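Notes follow once the structure below has been shown.
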Amino acid sequence: MGDRDRGRRRVPHRRRARGDAVSARLKLTLSYAAFLAVAGVALAALLFYLLRFVPDSSVELAAGFAPSRGDLLRALWPRLLQVGAVLLVVGFVGGWFLAGRMLKPLRRIHDVAVRVDAGSLDDRVRLGGARDEFRELADTLDGMLDRLQAAFEEQKRFAANASHELRTPYAISRSLIEVALADLSGTDVERLLRRLDDTNRRGAEAVEALLALAALEHAGALDPEPVDVAELTGEVVGELRPVAESGGVTVWTSLGEGDVDGREALVRQLVANLVLNGIRHNLPVDGRVDVGTRTAADGAVELRVVNSGPVVSPELVPTLTEPFVRGAGRVAQTASVAPVDATAPPPHLVPEGSGLGLTLVARIAAVHGARLAITAPPTGGLDVRVLFPAPSGAAAATDPTETAGPGAVRGNGRDAVHGDGSGAPDRGGAR
């Protein structure tokens with residue numbers, strides 16, 4: 001009962017508030033009409049002031065009759081009232097249309113705000129004309145809506161990507177457990193646990209990659225620091241040695257000196273993603289990845305990663321930096337997962353990626369102002385180049401000195417280090 005009474009008491013208050021409200025257009029109209037009325041009264045006052053100097057009695061002149069002050073007042077009063085009425089009408093009507101024209105941009109901004117409040121983030125004011133206060137307000141609102149829409153779309157994209165990518169490992173885990181429960185006596189528990197651990201690891205890596213991508217989407221200006229790309233690349237290659245060896249892939253390095261301005265953690269992630277991508281998407285036997293760094297004459301530093309592998313169609317190359325595009329432009333499918341044999345060995349010793357490696361590479365390159373170029377050689381695999389801008393205050397570079405990087409990989413029982421003097425990785429017989 002009390003809630004209903006409170007509801008009844010609030011309704012008259014809202015109605016009274018709406019009834020008391022006066023539109024800005026009406027206020028401006030009344031202001032224009034009042035201004036004209038005040039101007040008319042001021043002119044009438046000036047006229048009466050001047051009439052003080054006219055004699056009260058009529059004056060007969062040789063040339064004719066001169067009216068008195070009273071004669072002039074009797075003749076002017078009706079005219080003054082008529083002119084005043086016309087001024088009020090003109091002021092109100094003209095002010096109404098003038099106020100409407102002045103407030104038209106504000107009405108447009110209001111309509112867009114109402115539609116946005118209803119959930120339509122695609123609407124924009126896009127006000128043209130002179131750059132006045134209304135135009136500045138509209139441009140500010142459009143910019144704010146652009147940022148809001150980008151943020152909402154990023155949230156939706158993150159949620160969609162997360163659900164898309166996590167569905168597969170969860171479905172595989174469920175299938176593994178169901179197969180094991182169906183035949184507990186014949187289940188190899190150790191193999192089952194290893195496969196479950198591998199599946200869960202891929203899910204965790206996907207989440208970490210998604211979080212890193214979301215953070216990069218909103219990254220502002222970097223606080224740069226000097227980064228030795230050659231040394232960092234060598235360290236990354238050394239860390240990935242077990243992965244390359246397990247997949248039968250040989251990594252060759254040709255590392256020339258080169259410093260860039262950036263964030264070491266991000267550059268390390270970029271290099272690791274490129275090298276790991278080259279290892280994962282390679283030939284099943286005698287695969288090869290060539291990693292090189294060099295400094296150009298203008299001080300720009302180039303990182304180049306070339307890998308052997310299946311032939312990639314040139315039409316698919318532009319899609320490789322999109323989320324969840326793996327291999328030869330194939331987007332991971334998660335609509336259904338076939339039953340998994342818990343005892344079957346994994347098809348390849350190199351763990352499958354999350355499908356976000358090159359997406360992260362593209363974003364990291366963008367925040368560093370670097371250019372990313374991906375080509376598909378006709379012999380197969382990919383040729384990826386990242387060109388970092390010259391560091392601030394860098395002098396013209398000299399010819400780079402080729403070194404066997406500290407992270408040189410030893411794969412298949414032979415050294416995987418070489419230098420050809422060009423500063424770029426050499427595909428050798430693969431070309």
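No value in this document is a laboratory result; all are computed from the given coordinates. This structure is a prediction, so every number in the text was calculated from the model and none was measured. No Cβ is skipped: glycine too gets one built from the backbone with ideal geometry, and neighbour counts run over all protein chains shown.
Quick look at the values:
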read-out	value
Ordering of 227-239, 128-140 by packing [mean C-beta count within 10 Å, highest first]	227-239, 128-140
Sites residue 24 and residue 246 - FRET efficiency at Förster radius 45 Å, r taken between beta-carbons, to 0.05	0.05
Value of D in µm² per second that Stokes-Einstein yields for segment 113-199, Kirkwood Rh from Cα pairs, at 10 °C (1.306 mPa s)	91
Phi to ³J(HN,Hα) by Karplus 6.51 cos²θ - 1.76 cosθ + 1.60 over segment 257-272, Hz, x for Gly, Pro	4, x, 10, 10, 9, x, 10, 4, 4, 6, 5, 4, 5, 4, 5, 4
Net length gained if the chain between residue 107 and residue 286 were fully extended (0.36 nm per residue, minus Cα distance)	57.5 nm
Rounded to whole Hz, the Karplus (6.51, -1.76, 1.60) HN-Hα couplings of segment 121-133, x for glycine and proline	7, 7, 6, 9, 6, 6, 7, x, x, 5, 8, 9, 5
Under the Karplus curve 6.51 cos²θ - 1.76 cosθ + 1.60, θ = phi - 60°, whole-Hz ³J(HN,Hα) for segment 194-204, x wherever Gly or Pro sits	5, 5, 5, 5, 5, 5, 5, 5, 5, x, 5
C-alpha center-to-center spacing [segment 30-58, segment 92-158] in angstrom	45
Protection proxy ranking of 302-310, 260-268, 77-85 - average other beta-carbon atoms within 10 Å, highest first	302-310, 260-268, 77-85
Approximate spin-label separation residue 315-residue 204, in nm, with each point projected 7 Å along Cα-to-Cβ	4.1
Ordering of 112-121, 91-100, 270-279 by burial proxy (mean other Cβ atoms within 10 Å per residue, highest first)	270-279, 91-100, 112-121
